[in-house]
Amino acid sequence: MASLSNTNDYTVDSSKIKFFQDNGFVVLEDVISLNEVERYVCILDAMLENKISTQDKRGDLGGHTKRIKSNVENTVQITHPDCLTSKLDHCEHFRKGIEIANTLYGGSESSQTESWGLDCSQFIVKFAKTETETPWHQDQSYYPDELVDKRACNIWLALEECTVESGCMRFIPTPLSSTLLSPHRAAGNGKGALTTDPPNGIDEQVYTPLRAGSVVVFNNYTYHFGGGNSSDVRRPAFVGQFRPKKMIQKCREIGFDHGKFTSNEDGAERTSRATKEK
């Protein structure tokens with residue numbers, strides 16, 4: 001079982017590493033201290049209330065369906081919140097995320113000495129009764145196909161209790177060795193998420209409810225889905241996406257930085273970018 005020793009260190013048990021390698025995702029409990037989680041919640045609330053400007057970084061990841069509530073996004077997505085405030089500089093989530101990524105992708109001499117870094121971060125919120133699903137997809141579909149190294153470590157942190165009813169994440173076990181990317185297309189009306197047809201094994205999907213401060217970590221090729229929020233409370237999350245630093249630099253060199261909602265919400269453009277079946 002993973003253990004929390006202090007706010008700077010997090011030890012991942014070998015059984016968790018093996019589970020991640022076999023399934024492409026793993027739940028790690030009590031990763032971030034509750035005091036730190038509360039600090040993130042305050043920052044998120046300030047952004048939602050525009051006390052901290054989100055500039056052009058706020059959009060609707062659930063824009064592929066008609067809004068359930070006319071005055072609020074189905075799924076609020078704020079990209080690069082760390083660029084909007086200095087209060088997230090070198091935060092616990094990012095520090096531990098880099099260490100977790102190094103640990104989960106370790107196992108060879110080269111990977112043990114490899115340097116991982118933060119590629120992108122997001123605040124994601126599904127408000128109560130918004131009911132909007134994030135359809136089945138693989139995160140690799142959002143990345144340029146010309147990247148040679150496609151490894152990624154996505155760390156989804158629950159900022160408040162996340163239940164099946166409020167829309168916890170679901171995964172289809174996908175071995176870390178798999179590099180099969182299904183054809184993706186823009187979901188629904190083309191504004192919001194990409195999606196793919198559920199692969200064989202949909203009956204084996206695993207629900208991952210989390211308490212605040214716990215995380216689910218997953219690979220870019222792992223099929224996953226976010227349930228709609230049918231509960232009376234919101235479902236806020238803070239997501240860190242980590243990659244080898246060399247590949248982050250390559251992304252920037254080719255102009256890919258996760259930052260433009262104009263392309264993020266253009267269904268035709270995103271569909272054309274979706275990688276063809278390998």
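Values in this text are rule-based calculations from the coordinates and carry no lab data. All figures in this text were calculated on a predicted structure; none of them were measured in a lab. Neighbour counts run over all protein chains shown; Cβ positions are idealised from the backbone, glycine included.
A few comments on the model shown:
- Shape of the chain, Cα gyration tensor, a/c cut at 1.5: rounded
- The stretch 60-84 versus the stretch 118-172: alpha-carbon centroid distance in Å: 13
- Largest GNM mean-square fluctuation among GLY255, GLY188, GLY226, using the chain with Cα springs under 10 Å: GLY255.
- In the stretch 124-203, the GluC sites (Glu not before Pro) that fall in loop regions by DSSP, at most 13 other Cβ within 10 Å: GLU146
- Once the C-beta distance of SER70 and ASP149 is scaled by a Förster radius of 35 Å, the resulting FRET efficiency is 0.25 to the nearest 0.05.
- Rounded to the nearest 0.05, the FRET efficiency derived from the C-beta distance between THR85 and SER178 at R0 = 35 Å is 0.40.
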